[in-house]
Amino acid sequence: MVALDFWDYIIIFSFFAITLGIGLYVSKSSGRSSAEYFLSGRSMPWWLLGMSMVATTFSTDTPNLVTDIVRTNGVSGNWVWWAFLLTGLLTVFIYAGLWRRSNVNTDLEFYELRYGGKPARFLRGFRAVYLGVIFNVITMSAVTLAAIKIGGIMLGLEPWQTVVSAGLITVTFSAVGGFKGVVYTDFVLFFVAMAGAVGAAYYLVNLPEVGGLDALFSHEKVKDKLEIVPDVNDMGSLIPLLIIPLAVQWWSSWYPGAEPGGGGYIAQRMLSAKNEKHAIGATFFFNIMHYAVRPWPWILVALASLVVFPDLESLQRAFPIVSDDKLGHDLAYSAMLTKLPTGLLGLVLASLVAAYMSTISTQLNWGSSYIVYDFYKQRINPKASEKQLVRVGRLATVGLMVLSALLALLLQNALQLFEILLVFGAGTGLIFILRWFWWRINAWSEITAMFVSGALSLILKLTPIGTYLFAKDTGMMPDWSEYIVVVLVTTLAWLVATYITPPENNRVLYHFYEKIRPGGPGWNKVVEDASVDGVELETGKKWSVPSGILAMLVGSIMIYSSLFAVGYWIYGRWFWATLLTLLAMATGTILLLLWKRIKGNLE
């Protein structure tokens, strides 16, 4: 437990005042209509939306997750989420423009644009509850769990005290300010969170017991955790830490903030952009910051924690106030922050509060948009006025906050939840990628994938079958193969469902093609059928997807090179740092040339 100084309190309360002030300032304009409340009138510039995406994914649980990964599997363990860069850049160069062109209010409204009839209506309503409430509450509870651990270690707060104090201000400005309040506040949160993360890493690495970078990297607890790529001779680590994430996970798994084909709160920001170019600019800025810039301050603190708190026993001795059910390696990040000095402590606490508020406010606004547009308006009150929709949105915001706070009190660590969410969405991602470009996918494809993946994941996680098949060292198959099995079974199930159920009505397909103009060979049959029916569909422009895929690959090399270059500069490995920096610059130049080709197809 740390003692806050006068200046620490000044910094923290000033931050609270600014965020509440922004929420109150924009409340009047946000309450004019549901479009203003959830999408800010579709008028947002790329730089503001990009900063909002970065601020949202700062989160209080993310540094805890990274710390857990580094302490357990080393720096290379971060490939479990670094692999999602491929998903992110696919969204940037292919799907961002399509989402903005759709002009829907939520990504779930897409279902009744792409599919038709009762299956589409069911899918939209069910996923409004499934994602907007269940998945959303689980995600927010992980963030709140991290806040509980920070509050317990740094301030000696009971879990309920952290939940009430952190949640009250967040839910207030989220409910009052709507999406515009969230995005404007994120602009402030972005700078506060970045300053706090970098300042904490610099100070903690230079603690006397750590001794600076050279001493840190040569420490016996740290030196075998530094490699960015797993040991190629250790297949037990290489397969689950690198091969599966890069070969399968990035395209097959639905995960909040990294949905294949775009979706969730990322889609919400793309839909609120001024136009397609601003939607692409926002998502590209986000991916650069999220993967190339931000990870290293967290990684350095995680490595330093291995020197100061080498194991769980040392954490327990240092913080006996923490209950056994909340003790985990992710606790080490908060533990390290207790060593910060006055002033910097206040800034870092403010940055953690900023991360918490940004993530929760985004999840609340996004989740309530599903409840309002995709459930309440569709199922309960189709004739609801704009004022009624805003009122329901505010009530849903409060309800989601309460549910997530209650669940957070039952959870133990961030990595545990991350792994559950990955498996729970395994096998569904390929549909989200292909549904834009293959006419044959229908609503039953998605319904099948959703239920098979969910049911199979629950069976493997909650019954003896999972232990019998995949238990570490004793199971019939390697534990890392569990994810592959779920992906294969789910993919096979939805492909079978696609071909044994009738295709979508031609009228639905013609309307979708006319509005989105996806192009490509996957729609040739629809274009031919339309011509026979006397319906002319636009096919004049060159299909942009091949250029988009090339840009994704080049952009991935650029960002990965930047990520690794930063790491090697920090490690003092000058040859590799220089080589990767030059590679990042070269691929960045190529990407600029590709962008000139892509933007000609945008509005």
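What is the extension gain from Y9 to D533, computed as 0.36 nm multiplied by their sequence separation minus the C-alpha to C-alpha distance, in nm to one decimal? Write out the running numbers ahead of the final one.
On the way: separation 524, 0.36 × 524 = 188.64 nm, distance 7.01 nm.
Length difference between fully extended and current span is 181.6 nm.
Mind checking which of I549, V508, F470 is farthest towards the positive end of region 438-558's charge dipole, using Cβ charges of +1 (Lys, Arg) and -1 (Asp, Glu) about the Cα centre?
I549
Sorted by packing (mean other beta-carbon atoms within 10 Å per residue), highest first, where do 588-594, 177-183 land? Mind showing how you got there, number by number?
Values: 588-594: 14.7, 177-183: 28.6.
My ranking of the peptides, most packed first, is 177-183, 588-594.
In debye, nearest 20, what is the charge dipole magnitude of region 178-246 about its Cα centre with +1 on Lys and Arg Cβ and -1 on Asp and Glu Cβ, if you could check? Kindly include the intermediate steps, with their values, before the conclusion.
Numbers: 4 positive and 8 negative charges, 71 e Å.
It works out to roughly 340 debye.
Would region 296-356 count as rounded, prolate or oblate if I go by the C-alpha gyration tensor, calling it rounded below 1.5 in a/c and otherwise prolate when a/b exceeds b/c, oblate otherwise?
Values: a/c = 1.79, a/b = 1.47, b/c = 1.22.
The shape class here is prolate.
What percent does the relative contact order of the chain come to when contacts are Cα pairs within less than 8 Å and at least six residues apart?
Working: 985 pairs, mean separation 157.4, N = 603.
It comes to 26 percent, rounded to a whole number.
Show log10 I(q)/I(0) for region 211-270 at q = 0.29 Å⁻¹, two decimals, from a solvent-free Debye sum over equal Cα scatterers.
-1.10
Could you work out the per residue convex hull volume over the alpha carbons of region 484-542, in cubic angstrom? Mind showing how you got there, number by number?
Details: hull volume 6.5 nm³, N = 59.
It comes to 111 Å³ per residue, whole-number rounded.
For region 108-167, rounded, prolate or oblate, judged on the Cα gyration tensor with a ≥ b ≥ c (square roots of eigenvalues), a/c < 1.5 rounded, else prolate if a/b > b/c? It would help to have the intermediate numbers written out before the result.
Details: a/c = 5.65, a/b = 4.90, b/c = 1.15.
Prolate, because a/c is 1.5 or more and a/b exceeds b/c.
Determine the relative contact order of region 497-592: mean sequence separation of Cα pairs under 8 Å and six or more apart, normalised by residue count, in whole percent. Kindly include the intermediate steps, with their values, before the conclusion.
Details: 59 pairs, mean separation 20.3, N = 96.
Relative contact order of region 497-592: 21 percent.
Compute the helix-to-body angle for 481-500: its Cα long axis versus the longest principal axis of the chain, expressed 0 to 90° and rounded to tens.
10 degrees
Between helix 414-424 and the chain, what is the angle of the helix's C-alpha long axis to the longest principal axis, kept within 0 to 90° and rounded to the nearest 10?
Compared with the principal axis, the helix lies near 20 degrees.
Summing +1 for each Lys or Arg and -1 for each Asp or Glu, what net charge is found among the other residues whose Cβ lies under 9 Å from the Cβ of N506?
Numbers: positive: R507; negative: E504, D529, D533.
It works out to a net charge of -2.
In whole Hz, what ³J(HN,Hα) sequence does region 575-591 give by Karplus (6.51, -1.76, 1.60; θ = phi - 60°), x for Gly and Pro?
Once θ is set to phi - 60°, the couplings for region 575-591 become 4, 5, 4, 5, 4, 6, 5, 5, 5, 4, 5, 5, 5, x, 5, 4, 5 Hz.
Short version: ³J(HN,Hα) in whole Hz for each residue of region 381-391, in order, from phi by Karplus 6.51 cos²θ - 1.76 cosθ + 1.60 (θ = phi - 60°), x for Gly and Pro, what are they?
Those phi angles translate into 9, x, 9, 4, 6, 4, 5, 5, 5, 5, 5 Hz.
Using amide H atoms built 1.01 Å from N in the peptide plane, name the residues 5+ places from S253, or on other chains, whose amide H lies under 5 Å from its own.
Sorted by chain and number, the residues that satisfy this are G427, G429.
Please compute the alpha carbon radius of gyration of region 542-603, then divide it by the globular-protein estimate 2.2 N^0.38 Å. Two decimals is fine. Please report the intermediate quantities before stating the final value.
Values: Rg = 14.2 Å, N = 62, 2.2 N^0.38 = 10.6 Å.
Taking N as the residue count of region 542-603, the ratio is 1.34.
Along each of its three principal axes, how wide is the spread of alpha-carbon positions in region 337-418, in whole angstrom units, largest first?
57, 29, 17
Distance between the C-alpha centers of region 435-471 and region 195-263? Whole Å please.
29 Å
Tally Lys and Arg at +1 and Asp and Glu at -1 over the other residues with C-beta under 14 Å from the C-beta of F285: what net charge comes out? Don't skip to the end; give the middle numbers.
On the way: positive: R269, K277, R294; negative: D186.
Residues close to F285 contribute a combined charge of +2.
How many percent of the alpha carbon pairs in region 484-602 exceed a separation of 26 Å?
Working: 3698 of 7021 pairs.
Percentage above 26 Å: 53.
Quick one: compute the contact order of region 1-153, relative version, from alpha carbon pairs under 8 angstrom and 6+ residues apart, as a percent.
Working: 45 pairs, mean separation 38.3, N = 153.
Computed value for region 1-153: 25 percent relative contact order.
Could you calculate, for region 160-268, the ratio of the Cα radius of gyration to the Kirkwood radius, expressed as Rg to Rh? Walk me through the intermediate numbers first.
Numbers: Rg = 20.5 Å, Rh = 18.7 Å.
My calculation puts Rg/Rh at 1.10.
Packing-wise, with mean Cβ within 10 Å as the measure, how do 267-273, 458-464, 81-87 rank, highest first? Each step should come with its number before you reach the end.
On the way: 267-273: 26.9, 458-464: 12.9, 81-87: 23.0.
In decreasing order of mean packing, 267-273, 458-464, 81-87 become 267-273, 81-87, 458-464.
Ranked from highest to lowest mean number of other Cβ atoms within 10 Å per residue, what is the order of the peptides 302-313, 233-244? Don't skip to the end; give the middle numbers.
Numbers: 302-313: 20.3, 233-244: 16.2.
Taking the mean over residues of other Cβ atoms within 10 Å, the ranking is 302-313, 233-244.
Divide the volume of the convex hull of the Cα atoms of region 52-150 by its number of residues and quote the answer in cubic angstrom per residue.
Numbers: hull volume 13.2 nm³, N = 99.
It comes to 133 Å³ per residue, whole-number rounded.
Given the rule -39500 (n - 2.57) for each run of at least 4 DSSP H residues, summed and divided by the residues of the chain, what is its mean residue ellipticity at 222 nm, to the nearest 500 deg cm²/dmol? If you can, show how the numbers build up before the last one.
Numbers: 29 runs with 402 residues, N = 603.
Helix contribution divided over all residues of the chain: -21500 deg cm²/dmol.
Quick one: give the max-minus-min coordinate of the C-alpha atoms of region 77-132 along each principal axis, largest first, in Å.
42, 26, 16
Starting from the Kirkwood Rh over alpha-carbon pairs, what translational D in µm² s⁻¹ does region 145-214 have by Stokes-Einstein at 37 °C and 0.692 mPa s?
Details: Rh = 14.6 Å.
It comes out at roughly 225 µm²/s.
No lab work stands behind these numbers, since they all come straight from the coordinates. Everything numeric in this text was worked out from a predicted model, so none of it was measured. Please note: Cβ atoms are built from the backbone with ideal geometry, for glycine as well, and neighbour counts cover all protein chains shown.
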